[in-house]
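Shown next, in structure tokens, is the structure this report addresses.
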Amino acid sequence: MKLRLIAAFTTICIALIMTTGCISDKPINASSADEADDKTAAALVEPVDGLSSDFIKGMDISSIISLEKSGVVYYDYDGKPQDIFLTLSESGVNYIRVRVWNDPFDSNGYGYGGGNCDAANAAEIGKRAAACGMKLLVDFHYSDFWADPDRQNAPKAWADMSFEDKKNAIYDYTAESLKFISESGSDIGMVQIGNEINGGVAGEYQSEQIIELLKQASCAVRDVSKQSGNDIKTAVHYTDIQNHDEIMYHVDMLKSAELDYDIFGVSYYPYWHGSMENMKKTLRDISQASGKSTMILETSYPYTTEDGDGFGNVIGGAEPVQGYKASVQGQSECLRDIIAAASEAGAIGVCWWEGAWIPVNRDNASNSTLWEKYGSGWASSYSAEYDPDNAGKYYGGSSWDNQAMFDFDGHPLDSLNVFNLVG
Ligand code: CA
């Protein structure tokens, strides 16, 4: 996701407003055509013809542990508290994605926020996902905080290393982290070597250096896969799929460099990244040119225009984008159509980004205390030590609560059940 857009929006906002078992036979909600436009209505979507039975239906819930520590409770479809991992599994989700930052803590041990997502956090999430039969997608940012097209800051520990030492560091860190996460009980199915790496990786911005780091990371994933006996796929992750030529440049660069990987993944947010037709065409072109699988590693869409935690949202949703309303039905149709487009393009899966990042406190009174203490906002004040010009200035809560698939109080929306309904 694009930190630059969060930061730009939060600037405006500040100016304006100053472990459980997993057996279930729960029924899924029925649908009603008459309710289709209501924000709280049951979702109605058509199945996707020809959808592969092993299509990846992913959900990124990287911040979930920090949210639970902050007191957030999630419910089942009947309104009873229930482990969110079970609810996701019941809804058709078969893959959990989690970002990993090397060391998202300041010199006093306080978390930068955004879920304080280190390897230990990933291990806990992976273990709970595995208990509910879901695989884990490990998303290495190779940074101590958000990595995106505008920033690929090296982890603190790597910042002053020679390039040769950094190459060794990325191999060792990748291998050791994956072993730790795997041995903690996770079922790792896929690993991203970098996050939205259009502009660089781990503080390196030249193609030659980027490729060398990716090769080391890929080698580490392959080695852990062999040693563990698990078939772990390697994915690369880019964004701005609307820029067809730029994407194809990266595809060609990886091919020329003979990078060993399995999946060329992209972010696709309908309000930023062009039409679904263009997305579908570009995925086909990527697959044809690279000979690799493709996947949408991040997507989302709002179900409401409301903000739930007093910290403004990145996407307001006041105007429909590509015809999709900011309603439960609109969100449902949007996800269904993204899955359909991806499937028609031969992609292997779609992953929703941070679908449970809801408010930590409905009265908003103690939000900032919880965000600071548990890292449940997008950034805490402690991030200033690492990122003084951005997160360190504009820290706060969830800018994504209206794009979750749970309401502000933790009840699953019917849009979550689209993962079942598509087939
Ligand atoms: Ca918000």
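The values are calculated or read from the model by the stated rules, or taken from the named source; none is laboratory data. Treat the numbers as computed from the prediction; the structure is a model and nothing was measured. No Cβ is skipped: glycine too gets one built from the backbone with ideal geometry, and neighbour counts run over all protein chains shown. To get the accessible areas, we keep the full protein, side chains included, count just its heavy atoms, and leave off ligands, DNA and RNA. Shrake-Rupley method; radii C 1.70, N 1.55, O 1.52, S 1.80 Å.
For region 73-101, give me each residue that is surrounded by 24 or more Cβ atoms within 10 Å (Cβ to Cβ) and within 17 Å of Asn121 (Cα to Cα).
Within region 73-101, Ile84, Phe85, Ile96, Arg97, Val98, Arg99, Val100, Trp101 meet the criteria.
Can you find even one residue in region 152-165 that is touching a strand residue (DSSP E or B) at 6+ places or on another chain (Cβ under 9 Å), farther than 25 Å from Ile210 by Cα and either surrounded by fewer than 18 Cβ atoms within 10 Å (Cβ to Cβ) or basic (Lys, Arg) (or both)?
No - not one qualifying residue is present in region 152-165.
Val191 - would you say it is out of contact with any Cys (no Cβ under 6 Å at 6 or more places or on another chain), within 17 Å of Asp260 (Cα to Cα) and not in a helix (DSSP H, G or I)?
Numbers: out of contact with any Cys (no Cβ under 6 Å at 6 or more places or on another chain): yes; within 17 Å of Asp260 (Cα to Cα): yes; not in a helix (DSSP H, G or I): yes.
So Val191 fits the description; yes.
Which of the residues spanning region 290-311 are touching a strand residue (DSSP E or B) at 6+ places or on another chain (Cβ under 9 Å) and away from the ligand (no atom under 16 Å from the Cβ)?
Passing the criteria: Ser290, Lys292, Ser293, Thr294, Met295, Ile296, Leu297, Glu298, Thr299.
Among (1) within 28 Å of Gln331 (Cβ to Cβ); (2) open to solvent by 10 Å² or more (accessible area, probe 1.4 Å), which single condition is Ala404 missing?
The one condition Ala404 does not meet is (2).
Can you tell me which residue in region 42-101 is farthest from the chain's Cα centre (by Cα), limited to those that are within 13 Å of Arg128 (Cα to Cα) and of a type in the set (D, E, K, R)?
Among those residues, the one meeting the criterion is Asp83.
Restricted to region 312-325, and to residues that are closer than 19 Å to Trp353 by Cβ and at pLDDT 95 or above, which residue is farthest from the ligand (Cβ to nearest atom)?
First pass over region 312-325, keeping only residues closer than 19 Å to Trp353 by Cβ: 312-317, 321-322, 324.
Checking the rest, the ones that are also at pLDDT 95 or above come to 312-315, 321-322, 324.
Working: Gly312: 6, Asn313: 5, Val314: 9, Ile315: 11, Val321: 19, Gln322: 23, Tyr324: 20 Å.
Here the answer is Gln322.
If I ask for residues that are surrounded by 21 or more Cβ atoms within 10 Å (Cβ to Cβ) and of a type in the set (Gly, Ala, Ser), which ones from region 269-307 would you list?
Selection gives Ser300 alone.
Being open to solvent by 10 Å² or more (accessible area, probe 1.4 Å), under 14 Å from Tyr110 (Cα atoms) and within 16 Å of the ligand (Cβ to nearest atom) is the filter here, so list the residues in region 373-394 that pass it.
Within region 373-394, none qualify.
Return yes or no: is Gly194 open to solvent by less than 10 Å² (accessible area, probe 1.4 Å) and within 15 Å of Tyr238 (Cα to Cα)? Please lay out each step first, then the result.
Working: open to solvent by less than 10 Å² (accessible area, probe 1.4 Å): yes; within 15 Å of Tyr238 (Cα to Cα): yes.
Criteria met by Gly194.
Here is a list: Ala147, Ala202, Ala131, Ala175. Which entry is closer than 20 Å to Lys233 by Cβ, of a type in the set (A, V, I, L, M) and within 23 Å of the chain's Cα centre (by Cα)? Show your work before the answer.
Details: Ala147 fails: closer than 20 Å to Lys233 by Cβ; Ala202 fails: closer than 20 Å to Lys233 by Cβ; Ala131 fails: closer than 20 Å to Lys233 by Cβ.
Checking each option against the conditions leaves just Ala175.
Among the residues that make up region 17-34, is at least one of them open to solvent by less than 20 Å² (accessible area, probe 1.4 Å) and either over 25 Å from Gln329 (Cα atoms) or at pLDDT 95 or above (or both)?
First, pick out the residues of region 17-34 that are open to solvent by less than 20 Å² (accessible area, probe 1.4 Å): none.
No, region 17-34 has no match at all.
Can you spot a residue in region 308-329 that is part of a helix (DSSP H, G or I), within 22 Å of His411 (Cα to Cα) and open to solvent by less than 30 Å² (accessible area, probe 1.4 Å)?
To start, the set of residues in region 308-329 that are part of a helix (DSSP H, G or I) comprises 328-329.
In the following step, the residues that additionally are within 22 Å of His411 (Cα to Cα) were identified as 328-329.
Pick out the ones that are also open to solvent by less than 30 Å² (accessible area, probe 1.4 Å) and you get 328-329.
Yes.
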